[in-house]
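In what follows, a single structure is set out as structure tokens and then discussed.
The values are calculated or read from the model by the stated rules, or taken from the named source; none is laboratory data. Quantities reported herein were computed from a predicted structural model and do not represent experimental measurements. All Cβ positions, even for glycine, are placed from backbone atoms using ideal geometry, and neighbour counts span all protein chains on display. The area values use the complete protein model at the heavy-atom level, side chains included, leaving out ligands, DNA and RNA. Shrake-Rupley method; radii C 1.70, N 1.55, O 1.52, S 1.80 Å.
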Amino acid sequence: MVAVIDNSKGMSTVSLINQTEFGILLTDIQQVDYVTWVMKRMLDSFEKPLQIKGNEIYTSAYFGVSIFPHDGQTVDELYSSAINACSYAQKFNGKDRYLFSTQSLNKMAVNQLKIENSLHEAIANDELQLYYQPKIEAATGRIAGFEALLRWQSASLGFVPPDKFIPVAEQSGQIDQIGDWVLHNACQQLRTWMDAGLEVGPIAVNISGIQLRRQNLANRIQNVLDEFNIDTHLLEIELTESSLVDTHDQSFAILKQINEMGIRVTMDDFGTGYSSLSYLKNIPLSCLKIDRAFISDIDKDENADKLIASIISIAHGLGLEVVAEGVEEKYQADHLIALGCEYLQGYYFSRPIPHSEVAEILQKQPMAPAG
Ligand code: C2E
Ligand code: MG
Ligand code: MG
């Protein structure tokens, strides 16, 4: 079995290379762990015997993994790295029965380790910052609140986007400390704005699924709100669909607790990944945020238009409000407003901005597009 990993697109494929070798293409890989998880699941499926004409047949497999672009630029190069790793796995790797091509493993592991090590210093050295992106009420063009988004300017690595360091922090356990920092700083900033007489509306904070699995999340939130004397309706939380996968009843109970405190919960990036409608039924949500991939396809892909209309209609049917994220163009905003979407967010109105620019943007209401 030869697995070739492509980091660029969004599909997984399996193809027969010859009678005994199969190629598997995994795409959009963020973490080495995910590849290992796939290998293990596939190896597990070889554990059970096959029943063929009344006979039990045991089979086995070895995997060699190569990762684009570290292990090769062409299909041939990737294939031969994977074949090499596979034959090493067969010869030397005993029980595990899979092996990464060393180059890819080293590069990915080293990058993740660098991020993890530098993250240790990030809070202490004051390298983290929150930026704020306004959420616009479609009916009035007024700012209905802001989403807090993390920025990390690392002394050693330069600017690292949240998409790169949040997954590492989740894996290393650092997300607890970072998540607390985000909650604390967003609430502290909100208190400063309120004391200055600014009406910024609720602040939405992104919460990782890992934080949700900590039993005391509701208490932690309540403590921060108490510390800065902030009413619960001024804090919202955003959770991605994928963060809810693998969650158990306890997480749902914590979400229920958060909702009962009066904190609105938004499902972020809706429509990507798993899109299970049962979540919508089971989780106490107030709002759905349609992923920006759909928004960028408006007027380009008829199916995207239909899907957006359906998502809005399902959300409204369940009594949920809808936010569209990643609105970059006027025609997208017009289309979403015509479909009854309540809130819009995106570069068309404003990029995420530092706290110092929030007072100025509040003066510009109703919002004109960002110049
Ligand atoms: P998200 O919560 O879905 O945030 C929206 C992302 O889209 C942000 O990227 C934002 O800057 C970007 N964006 C906003 N408008 C537009 C637009 O019109 N066009 C395009 N192309 N992009 C737009 P950012 O800040 O890089 O954050 C990426 C993701 O990282 C977030 O996605 C969120 O999942 C995660 N993240 C950010 N801050 C935090 C945090 O404090 N805690 C946790 N757990 N995750 C965070
Ligand atoms: Mg978000
Ligand atoms: Mg999103």
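Selection of region 223-252 for residues being in a helix (DSSP H, G or I) and open to solvent by 60 Å² or more (accessible area, probe 1.4 Å) yields ASN223, ASP226, GLU227, HIS233, SER242, ASP249, GLN250. Just name the residue that is nearest to ligand 1 (Cβ to nearest atom) out of those in region 249-299 that are in contact (Cβ under 8 Å) with a residue 60 or more places away in the chain and not hydroxyl-bearing (Ser, Thr, Tyr). The qualifying residue nearest to ligand 1 (Cβ to nearest atom) is ASP268. Restricting ALA144, ALA82, ALA122, ALA61 to those that are within 30 Å of PRO366 (Cβ to Cβ) and surrounded by 12 or more Cβ atoms within 10 Å (Cβ to Cβ) reduces the list to ALA144.
Listed by position, the strands (runs of 3 or more DSSP E) inside region 109-200 whose residues that are of a type outside the set (Gly, Ala, Ser) and without any contact (Cβ under 8 Å) to a residue 24 or more places away in the chain number at least 3 form an empty set. Flag set for SER243, criterion: within 15 Å of ligand 1 (Cβ to nearest atom) and under 27 Å from VAL200 (Cβ atoms). Within region 136-152, take every residue that is small (Gly, Ala, Ser) and within 23 Å of the chain's Cα centre (by Cα) and give me the one that is nearest to ligand 1 (Cβ to nearest atom). Only one residue fits best here, namely ALA148.
Checking each residue in region 253-280 for being on the phi < 0 side of the Ramachandran plot, at pLDDT below 80 and either open to solvent by less than 70 Å² (accessible area, probe 1.4 Å) or in a helix (DSSP H, G or I) (or both) picks out THR272, SER276, LEU277, SER278, TYR279. Applying the criterion of being more than 26 Å from the chain's Cα centre (by Cα) and assigned to a helix (DSSP H, G or I) to the residues of region 338-371, the residue that is surrounded by the fewest Cβ atoms within 10 Å (Cβ to Cβ) is SER356. PHE294 falls short on exactly one of the conditions (1) over 20 Å from ALA148 (Cβ atoms); (2) at pLDDT 90 or above; (3) open to solvent by less than 20 Å² (accessible area, probe 1.4 Å); (4) not charged (D, E, K, R), and that condition is (3).
When region 297-337 is filtered for residues that are in a loop (DSSP other than H, G, I, E, B), on the phi < 0 side of the Ramachandran plot and either in contact with a strand residue (DSSP E or B) (Cβ under 8 Å, 6 or more places away or on another chain) or within 16 Å of ligand 2 (Cβ to nearest atom) (or both), the ones remaining, listed by number, are LEU320, GLU325, VAL327.
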